[in-house]
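Notes for the one structure printed next.
The values are calculated or read from the model by the stated rules, or taken from the named source; none is laboratory data. Because the structure is a prediction, the values reported are computed rather than measured. Positions of Cβ are generated from backbone atoms using ideal geometry, with glycine treated the same way; all protein chains shown enter the neighbour counts.
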Amino acid sequence: MPCCILVALHLKRTARSVSKPLLSLVAVTLAAENARAQAPVQIQQLLDPATLAAYREDVPRFGYERLNQIVKDEDTLWYDDDVIPPAYQDTIAPDVTVGCRANSFGAQLIVPQGRPTFNASGDDFAFPFGATAGTDNARTEVVDFLSLPKVDGRALPIVYYIQRGQRSGFGLVEWRWHYPKGTLFGEMIFMRDSEGRRVPVELRTREKFKNGWAMNAYRPFPTAASLAAAVANARPQCAANPELAAFMRYLQDPTTLVAKRLDSAYFRDVFTQDGFLDVLPDAGDPALIHELLTTTPFVTAFASPWKKNGTATTWAAATNAADGIVPVGFEAGVIEVGDVSCTRCHKDALRPIADFAPAAVLYGDIWGSDQIFSFHVMDPTTCQGASTDNRRLRPSFRASGLVQQYDPKTHGADVYVEFNPRP
C-alpha cells in the first residue's frame, strides 16, 4: 500500500490536550494603591532593528493565537547572547565580593577541582547548565524573548534586591531578581540547513504562575505520525521516490529507537535520564524539509511521545542528516516535555557552585535567578573578573523602569510570589 495512503488518517492535526492551560492568560491583579505607585515600564529593545527584524521573520506561526500575538507585540523584549551575555555571580570572598562574571570567564579562574563545572572549551557551564536541554552536541542558534504581564496596559517590572549575609564562614553579597506572576519567557531554537538558511526547530516557554513555573515546547511535528502525514500530503507520490519512501517507512517503524543516557556527571544528583532516540535518515528532499519547517504551524508537544515501542519512549526526533527537521546531535528525545523534567535543572539557578565542588566555595553561583538562566539584570560591560564588587544595574533597565529595586509597598506579594525578598 502506498505510504501516502497509510497515513491518510493523520492529515487532520489536532492540538493535544494537556493537564493545565499552560498558555492561558494569568489573572494578574494589584491593589489600587500599588498600581498607582508603580513606576511606568518602557520596553527598550536590546537588539538592533535589523537583527530583530531578521529573527522575527524566521519565527514560525503557532497554533495558538496568544503566542502569535506575543511575538508581534512591541512590548515583547527580545535578546540573544550578544546583548545579554551569559553571566554568573561570584558572591563570596574572604574580604571582597568579585561580583559579575561572564560564563566564559569562570573556567580561567576556578580552582582545578571546580574546572569540570565548565564545559571542555571553557566558554560556558557544563551539562546541564550550559546549552538549552538536548542541544549540547547540536549546532543551534537561539533567540529569547520576555513578555511581562500588564495592568491597565502597563507592563509590570522585574524586581531585584541585594541579600547580605554569611556562607561557609565568608561574607555573602548576592543579587536576586524575580519576575511578576504572568511573566512568559520564550526560547526560540533555530538551526542552519545545508544551504545556510536559518530555519526554526522548536520554541520552549516558561510561564510564571502563583505556585511556580510551567513549561511547554512547540514543534511543527510533535509525533512521527504527524510528520509522516505532512510528507504524504506534500508529496502524494512519495512511494515513487526510493529515499523518501524509506524515510516514510522509518517514521512508521516503532523498532527504530536506540538507548541514550544524559548524565550531569559532575553536577551530582541534578540530571540523569535514561531514554531513547529516534535517529531519522535523510529524507532525500531538502526542499520538502525546508517547506515543512517554514510553513507548518508549531503546536504543543507537552507530554506527547514522538514514538513508542512497548515501554520504550522517545519524546522528539533526532537525525544524522544535514537537512532534517532537527539539527544533527539533537538529543531532546530523552527528555519528556513537562514541568518536572525542566524543573530538575531550572530550580538550581543561583545555587552555589560549592554545592558541587566544595573546594570552589569562593567561586560563586550557577547563573540566573528565579529559575531562569538566560536573563540577568546586571550591566554586561562590568562582568569581568575584578577584585572589587563590579555589579551594577544595566543602565537601560534602570532608565526604562524595566528592573526596579524591590519595595514591598509598591510590589505586591500577590504578584511577586516566588519568594519573599527583604530590602
ask   = Which condition number in (1) of a type outside the set (A, V, I, L, M); (2) crowded, with 17+ Cβ neighbours inside 10 Å; (3) more than 19 Å from Ser226 (Cα to Cα) is the one that Gly324 fails?
value = (3)
query = Restricting attention to region 392-413, which residues are under 30 Å from Asn211 (Cβ atoms) and part of a loop (DSSP other than H, G, I, E, B)?
reply = Arg394, Gly401, Leu402, Tyr406, Asp407, Pro408, Lys409, Thr410, His411, Gly412, Ala413
remark   = Only unsatisfied item for Val361, checking (1) more than 24 Å from Asn211 (Cβ to Cβ); (2) in contact with a His (Cβ under 9 Å, 6 or more places away or on another chain), is (2)
key: Among the residues listed as Arg154, Arg139, the single one being within 16 Å of the chain's Cα centre (by Cα), basic (Lys, Arg), surrounded by fewer than 18 Cβ atoms within 10 Å (Cβ to Cβ) and modelled with pLDDT of 90 or more   = Arg139
task = Scan region 97-104 and give yes if some residue there is out of contact with any Leu (no Cβ under 7 Å at 6 or more places or on another chain), surrounded by 20 or more Cβ atoms within 10 Å (Cβ to Cβ) and part of a loop (DSSP other than H, G, I, E, B), otherwise no.
result = yes
Matching option when the condition is out of contact with any Pro (no Cβ under 9 Å at 6 or more places or on another chain), part of a helix (DSSP H, G or I) and in contact (Cβ under 8 Å) with a residue 12 or more places away in the chain, among Gln108, Gln113, Gln89 = Gln108
inquiry  = Could you check region 297-322 and list, in sequence order, the residues that are over 18 Å from Gly186 (Cβ atoms) and assigned to a strand (DSSP E or B)?
reply    = Lys307, Lys308, Asn309, Ala312, Thr313, Thr314, Ala317, Ala318, Thr319
request  = Of all residues in region 266-291, count the ones that are outside any strand (DSSP E or B) and acidic (Asp, Glu).
outcome  = 4
query = Can you pull out the residues in region 327-344 that are of a type outside the set (Asp, Glu) and surrounded by fewer than 21 Cβ atoms within 10 Å (Cβ to Cβ)?
reply = Val328, Gly329, Gly338, Val340, Ser341, Thr343, Arg344
Region 305-322 - residue that is small (Gly, Ala, Ser) and out of contact with any strand residue (DSSP E or B) (no Cβ under 9 Å at 6 or more places or on another chain) and, of those, nearest to Met215 (Cα to Cα) = Gly310
query = When you go through Leu262, Leu280, Leu244, Leu251 one by one, which is the residue that is over 23 Å from the mean Cα position of the chain (by Cα) and either farther than 14 Å from Ala317 by Cβ or among the acidic types (Asp, Glu) (or both)?
reply = Leu244
ask   = What are the pairs, 6+ residues apart or on separate chains, where a residue within region 391-407 that is under 15 Å from Pro40 (Cα atoms) has its Cβ under 8 Å from a residue that is among the charged types (D, E, K, R) and outside any helix (DSSP H, G or I)?
value = Val403/Arg394
key: Odd one out for Thr294, checked against (1) within 17 Å of the chain's Cα centre (by Cα); (2) β-branched (Val, Ile, Thr); (3) at pLDDT 95 or above; (4) in a helix (DSSP H, G or I)   = (1)
Check on Ala360, of a type in the set (Gly, Ala, Ser), more than 30 Å from Ala224 (Cβ to Cβ) and buried (at least 21 other Cβ atoms within 10 Å of the Cβ) = yes
Residues satisfying the stated conditions in region 193-217, i.e. out of contact with any Asp or Glu (no Cβ under 7 Å at 6 or more places or on another chain) and acidic (Asp, Glu) = Glu195, Glu202, Glu207
query = Of everything in region 323-359 that's part of a loop (DSSP other than H, G, I, E, B), over 24 Å from Phe375 (Cβ atoms) and modelled with pLDDT under 95, which residue is nearest to the chain's Cα centre (by Cα)?
reply = Glu336
request  = Report yes if some residue within region 363-373 is of a type in the set (D, E, K, R), closer than 18 Å to Leu172 by Cα and in contact with a helix residue (DSSP H, G or I) (Cβ under 7 Å, 6 or more places away or on another chain); otherwise report no.
outcome  = yes
task = Return a yes/no flag: does region 140-149 have any residue that is acidic (Asp, Glu) and in contact with a strand residue (DSSP E or B) (Cβ under 7 Å, 6 or more places away or on another chain).
result = yes
